[in-house]
Every structure is written in C-alpha cells, then in structure tokens.
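These notes are about the structure you will find just below.
The values are calculated or read from the model by the stated rules, or taken from the named source; none is laboratory data. On a predicted model such as this, the values are computed, not experimentally measured, just so you know. Positions of Cβ are backbone-derived with ideal geometry, glycine not excepted, and every protein chain shown enters the neighbour counts. What goes into the accessible areas is simple: the full protein's heavy atoms, side chains included, and nothing from ligands, DNA or RNA. Shrake-Rupley method; radii C 1.70, N 1.55, O 1.52, S 1.80 Å.
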Amino acid sequence: MDNRDSLLSRISSCMTDRPYVFISYSSKDSEVVWQDVLNFQENGYNVWLDKKNLDCTKESWKNDALTAIQDPDCRLMVFYLSVSSLRSQACLNELRETISKETLILHGRNHPVSFIAVEVEPVCNMPEYVEYARAKAYEELDKPAYGEQAKTIYSIFEEFFNTNNERTRIPSRAGGEPPENYYAEIMRHFPEETRIVPSAERPPSITSPVSPAQPEETWSVPPGMEAVLERAKSNDVPAMCDMAQYYFDQGEWASSREWLELIDKHNKDSKLYYAVYYWKAYCSWMIAKKTGSLEDWWCAYECSECAQSGLKLFPQLVSSGISKENADMIREKSRNALHTLFDSLLNLAEQGDPQKQYELACQYLDNWERALKFCDELRQGSSCRIARNRARKWLSKAAESGHEGAIARLSEEGWET
C-alpha cells in the first residue's frame, strides 16, 4: 500500500447531516491535501472529501460535488491553490458554485459559501503565478487543449483571486514538513459548528500546557512497576496507560479511572484521546454498577457518547480493540440507569424527602441540560429559566424542612428562604 492509499484509508466519510468543511483540490495534489484532511479530522472537524463521499462510478459524480456545496450544511470551502487546480475546470466549477444563485437561495439571505485558499506550492505574487501556470500549460498541451485551460486559469484569477476579491490565503508548506502554525492558521477559519467534538470536550493539553502528573500518595506502587510509575510521573503517556491498564486488570476501577483522567490531560494524540474515553466509560460503568452513584452513571454515559464520536471519526479504532458494540451497550445501560435514578429521585422528592428535594434541585441548577434528556418533568420546556424555577421550588421545600444545604444554596443563588 503506497502512502496515498494509506492516507485515504485513515480518512473518514463526512457526516453530511451535520455542518461540514468542503475540500476543493486537484487530484495531482492529493497526497498533500489528504494529509491535511486527516489532520483536520483528528482535530475533530467534519470534512467533506470527494474520494470519501462520492461514487465516482456514477455519471453524475461531478454534479454531486456541486450539490454538496449547495447544501446549507456546507459552511466553508478550503481551496488548494496550485498550478494543477488553476488549470482544473472541476475546481473552477466548485468555486463558482459557492456564489451560484441556487447556493445563495439554499443558504438564505444571499450568503455565499465562504472560502479560504491554501497554497500547495509557494505562490507569492498571484499575477506572476497565473502567468507561470499559463506558460506551463502552453508547453505541455496542444493548442485546443491549451486554449481551454488558459480560459480556466484566467477565469479563476479574475473571479476569485484578483486584487479586488482575493480571499484569505495560507502560505504553503513548501514541499516539506508544515510549519508549526500551519494547521492552526487554517483551522482558525473553520466554523465551530463544523467541529464534531466541541472544543470544550478536547483535552486541555491541545491548547494549554499542564503541570507534571502528581498521583495520589494513597496509590500503592504495584510490584515491578516502580520504573513505570516514575516515567508516568514525568508525563510519559504510554507509562500512564500501563498504570491505568494495571489497575483495570486488578479490578481497581477507581484507580484506573484516575490514571485515565491524567492521560486525558496530558496526551495530544486524538486517537488515544478517544480510546481513553472508551476506557473511562467502561471504568465508570463498572464503578457505577457497584456504587449506584448518579455521577458515575453520568460519567459512563457521557464518556461512551464521546467514545462513539471517536469510532465515527476513526473506524480503525474498532480493529485495535475499541468495540462499538460495547460503547453502545454502556451508553444504553447508563441511560436506563439514569432514567431509573431520576424517576426515583423525583418520586422521593414529591414524597417530601428534603435530602432528595435538595439533590433534585442541584441537578436542575448544575446539570439542567443533561437532566433535560432524562427527567420527565423537564421535557415540557428546555430553557434554563424553567430549570432554575423548578430548582428554586425544590430548594424552598427542602429549606422549609430545615435542610442546611438547601438554605445555603438558596442564599448562594440570591433567592430568599
């Protein structure tokens, strides 16, 4: 398998029912482009690529690409600028589709699809580069074919890259490794809604430094694991994985999950990030089965949802031991347990239990969006105001019974007892 095939096998199809970024490029630049697409996906973005989203055996495959640009979920085009793409009629058609009447109608309010350009090779002065592309075409083609490509080159330049309307242009990686800020500069323009995994769910280490790992003193050093522990304390992620795996194998789920939390803070590998969430879901599920804790069930459910996002982005995780069936099972069993717990909590609160009234109010205040999914009482409305009003009601009831936590929380929220 050559490098191109290897890259393509690791790229996932676009989720076309969610906002996405469309990639426009010449097939001659595919190796550079596919490497970038893989990086975008590993950073959580939903990316449309022809080779993954088109049936190229159909007569209509080129028109299907234009339909993907018209789609209201297409929020940005990334156009890869090179001599090859300047000479490509397909690329010109895709650029024109961003401002077509049909696209403007479907996107509403006369909004075209925004685009940015990424240089595959150093472009510098655009008019000079256009002349270079035209001369290259003249050298390589017979006159009829040259004439067609010369028109394409001129149209792309005049319509999209002249001094009056040129869009954002990202300098090339110049044939080598991308500079440090290359991907950050491109993704800075990606709309947040095109991110499959919200930025708040990404590991903090992606954007900010973290301090060295400091395991709890109560953690015992497993026999023969002293050297592994020392490496783990120095933020060595594989060593942290070994520690988490050790405790997992011993059935010490809580300790295993604590190491997984540390890995989550320190690793920058997106695939490992999703694998960690899978094991956090599994550990939380095992703990929750023993403790019945609401927070443990929440953790199992939410981590399994994140793991499922990873399985959509990286199907190869399944072949490396991450099981979609197990992630589905954890999610469903956690969801059912949360339904049961909320029903019990609501019933006990209605029976006058001040502690349960306080706990229910805290769920409304601290987790109203999550509670909305599971609590029948909240399904009538979805605003934070409704949740806060219900929290106030239950806090007041608990406070009337003398519950100190409820009295303190009422005061903290600025409500009268």
Which one is nearest to Glu226 (Cα to Cα) among residues in segment 262-273 that are assigned to a helix (DSSP H, G or I) and at pLDDT below 80? His266
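Let's see how each residue does on (1) in contact (Cβ under 8 Å) with a residue 60 or more places away in the chain; (2) under 25 Å from the mean Cα position of the chain (by Cα):
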residue	(1), (2)
Asp17	no, yes
Asn39	yes, yes
Trp48	no, yes
Ala65	no, yes
Ile69	no, yes
Leu86	yes, no
Leu92	yes, no
Lys101	no, no
Leu104	no, no
Criterion: at negative phi and either hydroxyl-bearing (Ser, Thr, Tyr) or not in a helix (DSSP H, G or I) (or both) - qualifying residue of Ile105, Ile116: Ile116
Residues (surrounded by 13 or more Cβ atoms within 10 Å (Cβ to Cβ) and either charged (D, E, K, R) or modelled with pLDDT of 70 or more (or both)) located in segment 370-386: Arg370, Lys373, Glu377
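Modelled with pLDDT of 80 or more, over 23 Å from Cys299 (Cβ atoms) and open to solvent by 70 Å² or more (accessible area, probe 1.4 Å): which single residue out of Pro223, Pro238 fits that description?
Among Pro223, Pro238, only Pro238 is modelled with pLDDT of 80 or more, over 23 Å from Cys299 (Cβ atoms) and open to solvent by 70 Å² or more (accessible area, probe 1.4 Å).
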Of the conditions (1) of a type in the set (A, V, I, L, M); (2) open to solvent by 20 Å² or more (accessible area, probe 1.4 Å); (3) farther than 30 Å from Val37 by Cβ, Ala288 satisfies every one except a single condition; which number is it? (2)
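Might you let me know whether segment 55-74 holds any residue that is in contact with a Lys or Arg (Cβ under 6 Å, 6 or more places away or on another chain) and open to solvent by less than 40 Å² (accessible area, probe 1.4 Å)?
We begin by selecting, within segment 55-74, every residue in contact with a Lys or Arg (Cβ under 6 Å, 6 or more places away or on another chain); these are none.
No, there is no match, as no residue in segment 55-74 is in contact with a Lys or Arg (Cβ under 6 Å, 6 or more places away or on another chain) and open to solvent by less than 40 Å² (accessible area, probe 1.4 Å).
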Being among the charged types (D, E, K, R) and open to solvent by 70 Å² or more (accessible area, probe 1.4 Å) is the filter; apply it to segment 137-165 and report the residue that is nearest to the chain's Cα centre (by Cα). Glu158
Scope segment 297-309; condition crowded, with 24+ Cβ neighbours inside 10 Å and either closer than 19 Å to Gln41 by Cα or of a type in the set (Phe, Trp, Tyr) (or both); matching residues: Trp297, Tyr301, Ala307
Quick check on segment 190-201. Is at least one of its residues open to solvent by less than 60 Å² (accessible area, probe 1.4 Å), of a type in the set (A, V, I, L, M, F, W, C) and modelled with pLDDT of 80 or more? yes
Please tell me if Ser334 is among the small types (Gly, Ala, Ser) and open to solvent by 20 Å² or more (accessible area, probe 1.4 Å). no
Of all residues being open to solvent by 30 Å² or more (accessible area, probe 1.4 Å) and without any contact (Cβ under 8 Å) to a residue 40 or more places away in the chain in segment 28-37, which is nearest to Phe190 (Cα to Cα)? Just the residue, please. Gln35
